[in-house]
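Every read-out reported here was derived from the displayed coordinates using simple, explicitly stated rules and does not represent laboratory data. All figures in this text were calculated on a predicted structure; none of them were measured in a lab. As a convention, Cβ positions derive from the backbone with ideal geometry for all residues, glycine included, and neighbour counts pool all protein chains shown.
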Amino acid sequence: MPVTLRELAAAAGVSIATVSRVLNHKSHPVNDETRRRILALADERGYRPNLAARSLRTDRSSTIGIITDNIDSPHTTMMIRGIQDQVKQAGYICVVISADWDPAMEREAIHDLVSRSSDGIIFAETWHRSADETLALSNKPFVFVHRQFASESHASVTPDEVYGARLATGHLAQLGHRRIGYINGPEHYYASGDRLRGYREELAAHAIPFDEALIIRGDWQVESGYAAAIALLDVRPRATAIFAGNDLMAAGAMYAIFDAGLHVPQDVAVVGYDNREIARIFRPSMTTVTLPLYAMGKASAQLLLDLMDGVAVPAQEIQIRGRLIVRESCGAAPEQRETPAVPTRRRPPILSVVDSNG
């Protein structure tokens, strides 16, 4: 049988109201010793609150809804983990719905979460561009994570893509490279535009002339990185370094360099972006910039918690910065690398990975 507030109160020698105040984190003053005794008893006896009863009293369900277009994306899973860890500390659980890129399914997901009295909604990496009528009518707080808008009309959390691209490009420039090729993502992704901007800004900061011939567009996939690198190797003077817009295209670029009879990083240095698992296990291991997905998830969750608590949150974009992880593919000195090399001469097999995210 689950332990009750009445039983905890009797064991602690205090009133039920005092136990309730402590366990529900009320601001009403309670003696520190009494608070510690109640919390210790609750932990010892495995107390769990009756959320259904609390929901009836407070008009809150202690549930956060998460809607995403692609629940299979590794980007999404890391953000969800950050969201979950943050809201759990505040006593909430998450319900996740995948809309599968379908606006009708997204509207149905919003309706389902609202009808089940979810206390707020986070749109994680969705194509949702404006507040749906269902949201407006429900008066539920909502935020976006990893979705950029044309204007500051929504509370959202995004990565600082310009900063990340400057980290990658600047690192190659500091290693002495003056011919740095860039493999960009598809044109319709905001990340592609921002990373190109960061690349150009950092070239300028190092007084390196911008050369349009060193920019090749890919599609985030391994094969497009391979084709782009082949094209870059034909440019004269040849690129001595390549910054790829994500790790999969960086892997493709490295395959192309190998197949051209060249070596990474001795002949061409390579830096990726995202810090996917492939970056760590590839040989040579891949220098890359982290996409701060977990931190973005936590930040979006805190933003929503603030909104639900009535904190005035401006409709604006909060940008989270990633960091450079130096491994082998850039040619930096061993003491600069964060991950030790694993001795092997075997090249990993070609991967066929479908991923719609930059």
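Step through the residues of the range 307-324 one at a time and calculate ³J(HN,Hα) from phi using the Karplus curve (6.51 cos²θ - 1.76 cosθ + 1.60, θ = phi - 60°), rounding each to whole Hz and writing x for Gly and Pro.
Result, rounded to whole Hz: 4, 5, 8, x, 6, 6, 10, x, 6, 8, 9, 9, 9, 10, 8, x, 9, 7.
Using Cβ contacts closer than 10 Å as the measure, can you line up Leu39, Leu303, Leu5 from fewest to most? Mind dumping the intermediate values first?
Working: Leu39 15, Leu303 23, Leu5 18.
Fewest-to-most ranking of Leu39, Leu303, Leu5: Leu39, Leu5, Leu303.
Amide H to amide H, which residues 5 or more places from Asp160 or on other chains are under 5 Å from it, using H placed in the peptide plane?
Placed amide hydrogens put Ile320, Arg321, Gly322 under 5 Å from Asp160.
Can you give the charge dipole size of the range 212-302 about its Cα centre, rounded to the nearest 20 debye, using +1 on the beta carbon of Lys and Arg and -1 on the beta carbon of Asp and Glu?
My answer is approximately 240 debye.
Determine the sum of side-chain charges near Ile320: Lys and Arg each +1, Asp and Glu each -1, restricted to other residues whose C-beta is under 11 angstrom from that of Ile320.
With Lys, Arg at +1 and Asp, Glu at -1, the net is 0.
What whole-number distance in Å separates the alpha-carbon centres of the range 191-229 and the range 242-266?
So the separation of the two Cα centres works out to 14 Å.
Quick one: 3J(HN,Hα) in Hz for the range 102-107, Karplus 6.51/-1.76/1.60 with θ = phi - 60°, rounded, Gly and Pro as x.
For the range 102-107, the Karplus curve yields 10, x, 5, 5, 5, 4 Hz.
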